[in-house]
Amino acid sequence: TMTYGTGRVYKKIEVVGVAAGSIEAAIEAALVKAHGTLKGLSWFEVQDVHGHVDDTGKVSEYQVGLKVAFELD
């Protein structure tokens, strides 16, 4: 488990999650991939939400820009 105390330092990077189902699904897609790549992933911030509209006028894809942070060793 992670302990919280003083002296922690984090690095933030930007990622974009994409999913057809929902904004939440796009966030989860980004976090799952980032968690598999970054050691010590700790938190995220939603920066922006975009999407693609299909020929019928419905949302066909959600694109969510996130900043994710991980603790530096």
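General observations
- Output for region 41-68, where each listed residue is touching a Leu at 6+ places or on another chain (Cβ under 8 Å) and not charged (D, E, K, R): Leu41, Phe44, Val46, Gln47, Leu66, Val68
- Single unsatisfied condition, Gly36 versus (1) in a helix (DSSP H, G or I); (2) surrounded by 12 or more Cβ atoms within 10 Å (Cβ to Cβ): (2)
- Of the residues making up region 44-73, those that are more than 19 Å from the chain's Cα centre (by Cα) and not in a strand (DSSP E or B) are Asp54, Asp55, Thr56, Gly57, Lys58, Asp73.
- Here the condition is being among the β-branched types (Val, Ile, Thr), out of contact with any Cys (no Cβ under 6 Å at 6 or more places or on another chain) and over 28 Å from Thr6 (Cβ atoms); of Val68, Val32, it holds for Val32 alone.
Bear in mind these aren't lab numbers, they're just calculated from the coordinates by the rules spelled out. Here the structure is a predicted model, which is why all the values come from computation and not from measurement. Reconstructed Cβ throughout: ideal geometry from the backbone, glycine too, with neighbour counts over all protein chains shown.
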